[in-house]
1. So which residues in segment 83-133 are under 16 Å from PHE65 (Cα atoms) and touching a strand residue (DSSP E or B) at 6+ places or on another chain (Cβ under 9 Å), if there are any at all?
2. Checking the condition assigned to a loop (DSSP other than H, G, I, E, B) and modelled with pLDDT of 95 or more, which residue from ASP55, ASP16, ASP9 passes?
3. Does segment 77-99 include one or more residues that are hydrophobic (A, V, I, L, M, F, W, C), in a helix (DSSP H, G or I) and in contact with a Leu (Cβ under 8 Å, 6 or more places away or on another chain)?
4. Name the one entry in THR75, THR60 that is more than 30 Å from ASP26 (Cβ to Cβ) and either at pLDDT below 95 or crowded, with 20+ Cβ neighbours inside 10 Å (or both).
5. Check TRP11 against each of (1) surrounded by fewer than 16 Cβ atoms within 10 Å (Cβ to Cβ); (2) without any contact (Cβ under 8 Å) to a residue 60 or more places away in the chain; (3) touching a Phe, Trp or Tyr at 6+ places or on another chain (Cβ under 7 Å) and name the one condition it does not meet.
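The values are calculated or read from the model by the stated rules, or taken from the named source; none is laboratory data. Quick caveat, the model's predicted, so the values are computed rather than measured. Cβ coordinates were reconstructed from backbone atoms using ideal geometry, including for glycine residues, and neighbour counts include every protein chain displayed.
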Amino acid sequence: MIDNRLVVDLWGGYRDLGHTKPWETDTLVWVASTSKVIVAIATLMVWDRGLIDLDEPVATYWPEFAQGGKAPITTRQVLVQRSGLPGFGRALTVDDAFDWDRVIGLVERAPVWYEPGTVTCYHASTFGYILGELVHRAPDVPLGSPDPATLNPGCEGPEWETFDNGMGGIKASAPDLAIFAQMFLNGGA
């Protein structure tokens with residue numbers, strides 16, 4: 001997208017191993033960890049507005065998070081994947097993954113895997129939940145559920161409804177992702 005105009009729209013092939021279902025222009029694709037960028041941007045927007053301090057413990061804004069040795073973990077450590085909490089201490093079920101409150105409870109009760117700040121380890125499944133809940137709990141961010149329009153007026157409409165943080169991944173078509181990227185380049189509009 002350049003100036004809200006689609007300039008490249010390449011797609012082709014098959015969406016199944018048997019080569020029986022052709023790829024379509026609107027085929028949804030699991031793009032996994034790209035939503036980590038979305039939640040990181042939301043977190044940094046809250047920080048930019050002075051609503052959180054990246055070097056303050058997450059538990060300052062979310063007291064229940066302090067359990068299991070997590071009291072000293074800072075938002076910055078989560079953002080750079082050095083929080084010591086790359087997992088939940090048990091495997092997640094599909095039912096868990098789609099129940100935000102259940103997963104947040106797991107995060108709260110999970111013990112750290114190593115001393116925060118000492119090891120860099122990809123937080124594949126905890127990153128989005130920790131930062132998403134932190135944004136939700138940040139003071140003066142009136143979120144009933146995380147809503148990008150609240151953080152950046154103008155970021156609303158069907159383009160935003162395609163995105164689902166879930167397990168740190170989203171499903172979106174290529175045009176949807178291009179629109180999303182252009183919205184950020186345009187300052188949210």
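1. Answer for segment 83-133, where residues must be under 16 Å from PHE65 (Cα atoms) and touching a strand residue (DSSP E or B) at 6+ places or on another chain (Cβ under 9 Å): SER83, PRO116.
2. Working: ASP16 fails: modelled with pLDDT of 95 or more; ASP9 fails: modelled with pLDDT of 95 or more.
When all the criteria are applied, what remains is ASP55.
3. Filtering segment 77-99 down to residues hydrophobic (A, V, I, L, M, F, W, C) leaves 78-80, 85, 88, 91-92, 94, 97-98.
So of that shortlist, the ones also in a helix (DSSP H, G or I) come out as 78-79, 94, 97.
Filter once more, keeping what is in contact with a Leu (Cβ under 8 Å, 6 or more places away or on another chain): 78-79.
Looking for residues that are hydrophobic (A, V, I, L, M, F, W, C), in a helix (DSSP H, G or I) and in contact with a Leu (Cβ under 8 Å, 6 or more places away or on another chain), one finds at least one in segment 77-99, hence yes.
4. Numbers: THR60 fails: either at pLDDT below 95 or crowded, with 20+ Cβ neighbours inside 10 Å (or both).
Sole residue among the options that is more than 30 Å from ASP26 (Cβ to Cβ) and either at pLDDT below 95 or crowded, with 20+ Cβ neighbours inside 10 Å (or both): THR75.
5. (2)
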